[in-house]
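Report on one structure; see the data block that follows.
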Amino acid sequence: MLTPHCGLHTLPFRRRSRYDNRMNFWSALRDGFTEPVRDVLWGHIYMTPPLAELTRTGAFQRLNRIFQLGPAFGVYPGATHTRASHSIGVYHLARRLLFALADRGADSWLSGEGAVSFLAAALLHDLGHFPHTHALKDLPLRTHESLAASLMVTEPLKSLIGDAGGNPYLAAAIVDTRSGFYGETAESGAELPFYRRLLSGCLDPDKLDYLNRDARYCGVPYGAQDVDFIFSRVYPDPARGITIDSRGIPGVESVLFAKYLMYRAVYWHRTVRASTAMMKKALLAGIREEIITRDELYPLDDQELFGLMLARAPLLPLFKMASLVREGRFYSAVAEFPFDADRHEKLADAARRYRFEQALAVELSAGRAISIPPDGVIIDVPEPVDFETGLHVTDEDRDFGESSSVFSAGAVQTFVRALRTVRIFVDPLFEAKIRSRRDAGAILQEKQNWLHLI
């Protein structure tokens, strides 16, 4: 049971009638939302005073100092929106989604405490996000979801979520889906898996906000979604989270295609990939050489990360890449080709890729008047991207990938293959000389037999 001093209660709705449970849920979703936040995308967003207090904590304020799209402003100057504005937008769409699902029967089996816990999870889901967008994403670090969950069950957030009427352990477990239960969440019954599916899925509030928000701030049309239409076609299901009917298929298709276009034009733009690859290479070396520790990285914002790397550049010259990135002097792409699992899978391993980069630098230097240093070459291998299509189409009685949509499982895999592009980036000092001889991509393809030696 939860202890009284936490300001929490022990799920009293389980001893109430279905009518009382429904009234408790609607009260939690409607009453006391008196604190307005003005948002560029969604207009006025209302919170209860305790929920608004969560946004004034140091952990949340850090998100105001992390750009949502990291270095993308180097390509799209308007892309300076923050993780904080995105998080508030996710909270807003989460509340709208609950209203839509409650109107279709979910209020009969969801609790008020569960609803507030879900809203807190939506608001705080990015608390553990790393600086500089996804530069740290596939480093040997804790997931940002587990970091966020840890903060949510630690003071002051723990008590604030309780004061809002939620359960901090349930909220943490909703965010950190890889964990088991946090404390007393075993008592949440079916609500935990249900809310996990709402927060992370094909039509989740996170995706609907970032597609719309990122498109708005980048000034591109690709990500705009008709949220009103999408929410009009979703239905609650305790086991599946949400389902749709066939009239909702165009909304899902729009989300999938928008995600593809945003990755192609924005998220994985070659300049953004160059910046991310540079920071990743430097930070991997810093961790490997024990110049920087994992625990030091977790609480940093964008500028603090740059500051720490530049301060320790005398210990690791590769950290000077942070200065290049901050000044917009990115490595140049001299070759790119589609990812081939049979040929390039080994390059996804950071240690193996580092050794291959060293060997490639030697090969690219052959026959030139200058010697390209090992750190002058970066091979960028994008991680797999997931196009979630695990929705059930009720009136067709089949999953989305087998429905009447043109987005079959095969079509989605075609999207993934089209997006995953391996690139070779080099220091601009050597770009002209490399291009003057033979293509770096051809060298890489010729030297695939190196991989078994590295």
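Read-outs: derived from the displayed coordinates by stated rules, not from any lab. Source: prediction; values computed, not measured. In this analysis, Cβ positions are derived from the backbone assuming ideal geometry, glycine residues included, and neighbour counts consider all displayed protein chains.
If you go through the range 375-423 and keep only what is more than 19 Å from Lys207 (Cβ to Cβ) and touching a Leu at 6+ places or on another chain (Cβ under 9 Å), you end up with Asp375, Gly376, Val377, Ile379, Val381, Ser403, Val422.
Screening the range 62-78 for residues that are of a type in the set (A, V, I, L, M, F, W, C) and outside any loop (DSSP other than H, G, I, E, B) and picking the one that is surrounded by the fewest Cβ atoms within 10 Å (Cβ to Cβ) gives Phe73.
Restricting the search to helices (runs of 4 or more DSSP H) fully inside the range 79-176 and requiring at least 3 residues that are in contact (Cβ under 8 Å) with a residue 60 or more places away in the chain gives 83-102, 112-124, 157-163. Looking across the range 308-325, the residues that are assigned to a helix (DSSP H, G or I) and loosely packed, with under 14 Cβ neighbours inside 10 Å come down to Ala311, Pro317, Ser323.
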